[in-house]
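Structure, as structure tokens:
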Amino acid sequence: MTWLRDRWTGKLILKGILDAEDARRALDTGADAVVVSNHGGRQLDGASSTIAALPRVVEAVRDRCEVLMDGGISGGQDVLKALALGARGCLIGRAFLYGLAARGESGVALALEIIRGEFVASMALTGHTDARNLGRQCLVGADPR
């Protein structure tokens, strides 16, 4: 992967990271961000869920690059969980595509508004008003690792 970093001076984001070692290797190649993703889990039934893999990846990179999460985001509570476990953002392709298929551009806007509303409500239910302050303490039954 270093050959790509040598030729590309823009932001480099690697998708498909599911474990700490791959996250560290991504950093070693000069990645600016990683996306925790199992590509929908369709390729391998035994692949880890993205929400399960996320804490290990976040721990491995320790603020040295952005960590995004892809997969399993179907509502605002999923976004809250991902942010609480250390993701800096989420990719929401499936909800986006469902909205697009149902109502075109207005469907995409509606899907995003629904997720945003659920996220705001979930934050309020955990006593938070700023997403930057989310942490594992707001998750019931969170693994303390």
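The values are calculated or read from the model by the stated rules, or taken from the named source; none is laboratory data. Quick caveat: nothing in here was measured; it's all calculated off a predicted structure. Cβ placement follows ideal geometry from the backbone for every residue including glycine, while neighbour counts extend to all protein chains displayed.
Data for the structure
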| item | result |
| --- | --- |
| Residue match in the stretch 104-126 (condition: free of Cβ contacts under 8 Å to residues at least 40 places away in the same chain and of a type in the set (Lys, Arg)) | no |
| Any hit, the stretch 49-63, residues being within 24 Å of Arg132 (Cβ to Cβ) and either touching a Phe, Trp or Tyr at 6+ places or on another chain (Cβ under 8 Å) or not in a helix (DSSP H, G or I) (or both) | yes |
| Identity of the residue in the stretch 1-26, farther than 18 Å from Glu59 by Cβ and among the hydrophobic types (A, V, I, L, M, F, W, C), that ends up nearest to the chain's Cα centre (by Cα) | Ile13 |
| Any chance Gly46 is modelled with pLDDT under 90 and within 13 Å of the chain's Cα centre (by Cα) | no |
| Those residues of the stretch 92-124 which are aliphatic (A, V, I, L, M), under 14 Å from Val79 (Cα atoms) and surrounded by fewer than 17 Cβ atoms within 10 Å (Cβ to Cβ), in sequence order | Leu112, Ile114, Val120, Ala121, Ala124 |
| Residue match in the stretch 79-87 (condition: surrounded by 15 or more Cβ atoms within 10 Å (Cβ to Cβ), of a type in the set (Gly, Ala, Ser), more than 16 Å from the chain's Cα centre (by Cα) and in a helix (DSSP H, G or I)) | no |
| Filter pass, Gly76 being among the small types (Gly, Ala, Ser), touching a strand residue (DSSP E or B) at 6+ places or on another chain (Cβ under 9 Å) and under 29 Å from Glu113 (Cβ atoms) | no |
| Tabulated pairs, the stretch 82-93, first touching a residue at least 12 places away in the same chain (Cβ under 8 Å), second aromatic (Phe, Trp, Tyr) and surrounded by fewer than 21 Cβ atoms within 10 Å (Cβ to Cβ), C-beta under 9 angstrom, 6+ apart or interchain | Leu83/Phe119 |
| Condition check for Leu68: within 21 Å of Arg132 (Cα to Cα), in a strand (DSSP E or B) and out of contact with any Ser or Thr (no Cβ under 8 Å at 6 or more places or on another chain) | yes |
